[in-house]
Amino acid sequence: MNYSKILTEFKKKKILVIGDLILDRYIWGKVSRISPEAPVPVVEVTGEDFLLGGASNVANNIVALGGHVTIVGLAGKDRAGDVLMKMLDEKGIQCEGVITFSGPTTVKTRVIAHNQQVVRFDREDKEKVDGNVLRRLLEYICSAVPNHDAVIISDYKKGVISSKLIKTVLKHSRTENIFVSVDPKVGHFHFYKNVSLITPNVTEASIASGIEIRDEKSLISAGKALLKKISCEAALITRGEHGMSLFKGNKVVHIPTVARDVYDVTGAGDTVIAAFSIAYVAGASMEEAAVIANHAAGIVVGEVGTAVATQEKLMQSLKTRHSSLVTRH
């Protein structure tokens with residue numbers, strides 16, 4: 001497999017990312033005592049970082065891999081929204097599709113002490129987007145989809161992704177045969193009918209298929225049931241330390257993990273869908289795209305915080321760590 005040739009094509013590809021924009025806030029500190037007021041650790045804060053999360057992290061992964069990306073979503077008229085927009089701009093992510101609205105920017109704050117997450121608190125508004133805001137989103141999507149090589153829908157169930165939005169994407173992608181992939185959320189699987197690819201984790205695949213995944217047999221049953229239920233071209237089920245499994249037609253390909261160390265799985269799903277989608281439209285087969293996505297995920301889980309896989313790191317991983325594909329029919 002000539003992965004070098006595929007990765008070289010990344011710079012020619014334009015990806016449209018649509019979804020829930022999230023600002024990840026990390027508060028770093030150390031714990032040396034328990035509070036006298038309650039049985040909780042006292043974190044002495046040593047630093048604070050902001051990182052791109054949700055659909056913003058998917059877009060950031062595309063840029064890190066060398067591709068071009070336009071993002072569509074919502075940002076609040078608040079300090080977090082200002083920080084988010086500034087970060088997107090600094091990364092070279094095209095933001096004409098980001099609509100400012102009256103709700104809050106979604107912020108996930110994680111308190112980390114000694115490389116362990118102590119607590120997370122979220123600020124968000126999960127109300128379904130409608131009215132003028134939805135109209136503006138759909139108008140932009142209609143004009144933008146035909147100008148891109150692939151569309152990634154990053155659904156964090158924060159209100160942006162709806163059946164109407166996905167139908168609009170599919171309507172404008174079909175005529176140009178544009179690849180549409182979805183990082184799904186439980187409760188929204190009925191939205192995703194006829195997309196090109198879905199990338200659920202084991203829990204999401206179990207719930208959506210109605211088959212509890214306990215072993216390889218139930219995994220294969222669940223994957224095939226998902227393909228039939230959603231009428232999508234392929235499903236890539238991510239399985240943590242067990243790697244991932246690609247379902248396409250009657251073919252099942254298991255890809256063992258290449259991760260050496262796992263420190264933080266935050267954002268790994270964003271990396272998987274970003275790497276798979278850009279690799280596929282850059283000329284990789286679905287099996288090759290899954291291998292590339294697997295290597296990219298192996299890189300980011302080895303770092304603390306919402307990380308990305310650069311093209312250089314990805315090429316190095318592909319050269320030094322080989323994936324042994326196991327095919328089942």
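The values are calculated or read from the model by the stated rules, or taken from the named source; none is laboratory data. What you are looking at is a predicted structure, and each value in this text was computed from that prediction instead of being measured. Positions of Cβ are backbone-derived with ideal geometry, glycine not excepted, and every protein chain shown enters the neighbour counts.
Take the range 25-40 and flag every residue that is of a type outside the set (Gly, Ala, Ser) and over 18 Å from residue 103 (Cβ atoms). Once the filter is applied, which keeps residues that are of a type outside the set (Gly, Ala, Ser) and over 18 Å from residue 103 (Cβ atoms), the range 25-40 yields 26, 27, 28, 30, 31, 33, 34, 36, 37, 39, 40.
Considering (1) outside any helix (DSSP H, G or I); (2) in contact (Cβ under 8 Å) with a residue 24 or more places away in the chain; (3) not β-branched (Val, Ile, Thr), the lone condition that residue 165 does not fulfil carries the number (1).
Residues in the range 138-162 that are out of contact with any helix residue (DSSP H, G or I) (no Cβ under 7 Å at 6 or more places or on another chain) and part of a helix (DSSP H, G or I): 139, 140, 143, 144, 147.
Residues that are surrounded by fewer than 21 Cβ atoms within 10 Å (Cβ to Cβ) and out of contact with any Lys or Arg (no Cβ under 8 Å at 6 or more places or on another chain) within the range 197-212 comprise 203, 206, 207, 210, 211, 212, listed in sequence order. In the range 136-182, of all residues being hydroxyl-bearing (Ser, Thr, Tyr) and over 15 Å from residue 195 (Cβ atoms), the one that is nearest to the chain's Cα centre (by Cα) corresponds to 156. Restricted to the range 1-90, the set of helices (runs of 4 or more DSSP H) holding at least 1 residues that are more than 19 Å from the chain's Cα centre (by Cα), exposed (fewer than 12 other Cβ atoms within 10 Å of the Cβ) and in contact (Cβ under 8 Å) with a residue 60 or more places away in the chain comprises 3-8. In a residue-by-residue description of the range 284-297, the property of being assigned to a loop (DSSP other than H, G, I, E, B), more than 20 Å from residue 53 (Cβ to Cβ) and either modelled with pLDDT under 95 or among the small types (Gly, Ala, Ser) (or both) applies to at least one position. Just wondering, is there one or more residues in the range 217-224 that are surrounded by fewer than 21 Cβ atoms within 10 Å (Cβ to Cβ) and either part of a loop (DSSP other than H, G, I, E, B) or within 21 Å of the chain's Cα centre (by Cα) (or both)? No, every residue in the range 217-224 fails to be surrounded by fewer than 21 Cβ atoms within 10 Å (Cβ to Cβ) and either part of a loop (DSSP other than H, G, I, E, B) or within 21 Å of the chain's Cα centre (by Cα) (or both).
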